[in-house]
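Just below is one structure, and these are the notes that go with it.
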Ligand SMILES: NC(=O)c1ccc[n+]([C@@H]2O[C@H](COP(=O)([O-])OP(=O)(O)OC[C@H]3O[C@@H](n4cnc5c(N)ncnc54)[C@H](OP(=O)(O)O)[C@@H]3O)[C@@H](O)[C@H]2O)c1
């Protein structure tokens, strides 16, 4: 009886939090080979400060290739179809969700950040591994480009927790919680 109580107390649920910046028309990038150069300093500062709170990071292969210098020093898991079993390269692990259970891999972490791009956000949403979303909307319209959630097949109800204006030009930071 006592043993069971201890086990219950130690059990934690991993929290998955996504960070994304979009244009007014909801695009995360114009092409998949370039790191966004249109986001504000205020968003970048918020993003970098926020990342300090996380034990692990999830990123899609395209985003990893555009941002390798920022990601390669972190405890990062890169989603890719190019491997079968996980491949470890320093602090970075390449994983294929087709062959491994992401829920099991991340169960030992308390807070996991999902840092994009569109395939990675959608993969995690589809697996019900998206608890919160910090969405920065920059005052720019592309009229083309990559969707925030790529090729999704279901709806996810979210609740808006806060809205913050980050600068004078009108960059908006929205904080959502998954209500599904
Ligand atoms: N504005 C923002 O907040 C933000 C955030 C992050 C990234 N970005 C930008 O977005 C662009 C990249 O985005 P993206 O939509 O192309 O996608 P991405 O999610 O970065 O990368 C897609 C790739 O990741 C792998 N992948 C993702 N999910 C997978 C799954 N379930 N199973 C197997 N492999 C999976 C695949 O790689 P393989 O081809 O190796 O199989 C896929 O081609 C870049 O320009 C990046 O800089 C913007």
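The values are calculated or read from the model by the stated rules, or taken from the named source; none is laboratory data. As the structure is a prediction and not an experimental result, all values here were calculated from the model. All Cβ positions, even for glycine, are placed from backbone atoms using ideal geometry, and neighbour counts span all protein chains on display.
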Looking at segment 48-60, which of the residues that are assigned to a helix (DSSP H, G or I) and without any contact (Cβ under 8 Å) to a residue 40 or more places away in the chain is farthest from the ligand (Cβ to nearest atom)? 49
Hey, residue 99 hits all of (1) near the ligand (Cβ under 10 Å from one of its atoms); (2) farther than 30 Å from residue 167 by Cβ; (3) not in a loop (DSSP other than H, G, I, E, B) but one; which does it fall short on? (3)
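Considering only segment 73-90, how many residues are more than 8 Å from the ligand (Cβ to nearest atom) and under 18 Å from residue 116 (Cα atoms)? Quick ask: steps written out before the conclusion?
Step one: list which residues in segment 73-90 are more than 8 Å from the ligand (Cβ to nearest atom), which gives 73-77, 83-90.
Of the ones still in play, those that are also under 18 Å from residue 116 (Cα atoms) are 73-77.
Counting residues in segment 73-90 that are more than 8 Å from the ligand (Cβ to nearest atom) and under 18 Å from residue 116 (Cα atoms) gives 5.
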Restrict the check to segment 15-25 and report whether at least one residue is free of Cβ contacts under 8 Å to residues at least 24 places away in the same chain and within 8 Å of the ligand (Cβ to nearest atom). no
For segment 36-47, which residues satisfy the criterion of being modelled with pLDDT of 95 or more and either in contact with a helix residue (DSSP H, G or I) (Cβ under 8 Å, 6 or more places away or on another chain) or not in a helix (DSSP H, G or I) (or both)? 38, 39, 40
Restricting to segment 61-72, name every residue that is part of a loop (DSSP other than H, G, I, E, B) and either out of contact with any strand residue (DSSP E or B) (no Cβ under 9 Å at 6 or more places or on another chain) or within 9 Å of the ligand (Cβ to nearest atom) (or both). 67
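Conditions tested, residue by residue: (1) surrounded by 13 or more Cβ atoms within 10 Å (Cβ to Cβ); (2) at pLDDT below 95; (3) farther than 19 Å from residue 35 by Cα; (4) in contact with a helix residue (DSSP H, G or I) (Cβ under 6 Å, 6 or more places away or on another chain).
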residue: 125; (1), (2), (3), (4): yes, no, yes, no
residue: 132; (1), (2), (3), (4): yes, no, yes, no
residue: 137; (1), (2), (3), (4): yes, no, no, no
residue: 144; (1), (2), (3), (4): no, no, no, no
residue: 168; (1), (2), (3), (4): no, no, yes, no
residue: 173; (1), (2), (3), (4): yes, no, yes, no
Residue check, residue 63 against (1) surrounded by fewer than 16 Cβ atoms within 10 Å (Cβ to Cβ); (2) under 15 Å from the mean Cα position of the chain (by Cα), all met but one. Which one? (1)
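If we only count strands (runs of 3 or more DSSP E) wholly inside segment 105-174, which ones have 2 or more residues that are within 13 Å of the ligand (Cβ to nearest atom) and touching a residue at least 40 places away in the same chain (Cβ under 8 Å)? Give the steps one after another, and end with the answer.
Details: elements: 111-114, 132-137, 158-165.
Passing ranges, in order: 111-114, 132-137.
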Check segment 84-93 and report whether any residue there is in a loop (DSSP other than H, G, I, E, B) and crowded, with 20+ Cβ neighbours inside 10 Å. no
